[in-house]
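Everything on this sheet refers to the single structure shown next.
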Amino acid sequence: MSNESLSALTDSDLATKLLRNAGALAQRIRAGGLAELRAGSRIKDGVSDFATAADLAAEKYLFEELRAARPEDSILGEEGAGFVGSSGRWWVIDPVDGTFNFATGSSYWCAALALAAVPGSVTTPDPLTDAEVLLGAVYQPQEDKLWMGGTAHAATLNGEPIGVDSRNDIAQLSAGTYIHPSWLAQPQAAVPWQAAAELPATLRMMGSGSCDLSRVAQGELGAWFQHSCPSWDWLPGKGIVRAAGGDTAVVRINGLNWFIAGPQGAVAQLTAALESGIVGGAN
């Protein structure tokens, strides 16, 4: 498709096309073999945090297509792609969310992006600015599931309307979460996490925040909480959850920022539990 044709697409149609193509590109690269894929990885922060050739290729594709289709918009990519435009709109890219899953053969990974409206004084869309998510989009290629939603788009899964679980009591709900094993030995994270983890009917830890948040939006997961999420792990799913009638929150506890999503009552309960985990007078 020509640059002119891309620029004529609506934001949601553009996101759909680009994520489907990025997901297919990542799958083609993985088809070359998992051992080769892992051997070509670039370690970022330990063996569970790395970028494969597929991450880098998919981000390059998304960045170049967005620059062509939306030349005045800013772009922030997980793997380093970036551009500061003049429109006040930011495309936040996660080319492969759930890279550890992706590199070990699991289907629980996705390509995700968010289009956020950011005040002119902000140079990057830090999630703590509570940027308005005009559009969040998450595509899980191996299940062919595309979630979308934001202030400019209704919450949908493959074009059909979705909504969060109607129950507000976290004790009746499942909760998705993630905490790196190294944090379990550090009270600043472990104490609030355990306080929140004791509340749900059951826990799920599946390794892709955007896949998790999308399932909160459709009610397959009841709620979700995790600390220290970068923009690309939070904004796509945040937009979809809020469009699906859910609530989201960011709270600072023991020097860490915790990100929470789900029905309003469940978010309030998880927030209170996390806040009960303040250690040593820290905040």
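The values are calculated or read from the model by the stated rules, or taken from the named source; none is laboratory data. As the structure is a prediction and not an experimental result, all values here were calculated from the model. Neighbour counts are summed over all protein chains in view; Cβ atoms, including those assigned to glycine, are modelled from backbone coordinates with ideal geometry.
Observations on the model:
- Of the residues making up the range 231-259, those that are under 12 Å from the mean Cα position of the chain (by Cα) and more than 12 Å from ALA112 (Cβ to Cβ) are VAL241, PHE259.
- Scoring PHE259 on the criteria (1) out of contact with any Cys (no Cβ under 7 Å at 6 or more places or on another chain); (2) crowded, with 17+ Cβ neighbours inside 10 Å leaves a single failure, condition (1).
- Residue count for the range 92-104, restricted to those that are in contact with a Phe, Trp or Tyr (Cβ under 9 Å, 6 or more places away or on another chain) and either among the hydroxyl-bearing types (Ser, Thr, Tyr) or not in a helix (DSSP H, G or I) (or both): 8
- The range 14-36 - residue that is in a helix (DSSP H, G or I) and more than 18 Å from ASP94 (Cα to Cα) and, of those, modelled with the lowest pLDDT: GLU36
- Qualifying positions in the range 59-76 - surrounded by 16 or more Cβ atoms within 10 Å (Cβ to Cβ) and over 16 Å from ALA131 (Cβ atoms): GLU59, LYS60, TYR61, LEU62, PHE63, GLU65, LEU66, ARG67, ALA69, ARG70
- Test result for SER86, more than 28 Å from HIS227 (Cβ to Cβ) and assigned to a loop (DSSP other than H, G, I, E, B): yes
- Filtered residues of the range 174-189 (kept if crowded, with 17+ Cβ neighbours inside 10 Å and not in a loop (DSSP other than H, G, I, E, B)): SER174, ALA175, GLY176, THR177, TYR178, GLN188, ALA189
Here is a yes/no grid of residues against (1) aliphatic (A, V, I, L, M); (2) surrounded by fewer than 18 Cβ atoms within 10 Å (Cβ to Cβ); (3) free of Cβ contacts under 8 Å to residues at least 60 places away in the same chain; (4) not assigned by TED's automatic domain parsing to the domain that holds ARG252:
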{"residue": "VAL84", "(1), (2), (3), (4)": "yes, yes, yes, yes"}
{"residue": "GLY98", "(1), (2), (3), (4)": "no, no, no, yes"}
{"residue": "ASN101", "(1), (2), (3), (4)": "no, no, no, yes"}
{"residue": "THR104", "(1), (2), (3), (4)": "no, yes, no, yes"}
{"residue": "CYS110", "(1), (2), (3), (4)": "no, no, no, yes"}
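Condition check ((1) acidic (Asp, Glu); (2) modelled with pLDDT of 95 or more; (3) touching a Phe, Trp or Tyr at 6+ places or on another chain (Cβ under 6 Å); (4) closer than 24 Å to VAL122 by Cα) across all residues:
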| residue | (1), (2), (3), (4) |
| --- | --- |
| GLU198 | yes, yes, no, no |
| LEU203 | no, yes, no, no |
| SER214 | no, yes, yes, no |
| HIS227 | no, yes, yes, yes |
| SER231 | no, yes, no, yes |
| TRP234 | no, yes, yes, yes |
| GLY255 | no, yes, no, yes |
| ALA266 | no, yes, no, no |
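- Unmet requirement for VAL241, which otherwise passes all of (1) buried (at least 24 other Cβ atoms within 10 Å of the Cβ); (2) in a strand (DSSP E or B); (3) not charged (D, E, K, R): (2)
- Residue that is nearest to ASP94 (Cα to Cα) [pool: residues in the range 208-238 that are without any contact (Cβ under 8 Å) to a residue 60 or more places away in the chain, part of a helix (DSSP H, G or I) and among the charged types (D, E, K, R)]: ASP212
- When restricted to residues that are surrounded by fewer than 23 Cβ atoms within 10 Å (Cβ to Cβ), within 23 Å of VAL164 (Cα to Cα) and of a type outside the set (S, T, N, Q), the range 268-283 contains 3.
- Check on SER210, touching a Cys at 6+ places or on another chain (Cβ under 6 Å), closer than 29 Å to ALA154 by Cα, at pLDDT 95 or above and not assigned by TED's automatic domain parsing to the domain that holds VAL92: yes
- A count restricted to the range 138-173 and to residues that are surrounded by fewer than 19 Cβ atoms within 10 Å (Cβ to Cβ) and either of a type in the set (Ser, Thr, Tyr) or assigned to a helix (DSSP H, G or I) (or both) stands at 6.
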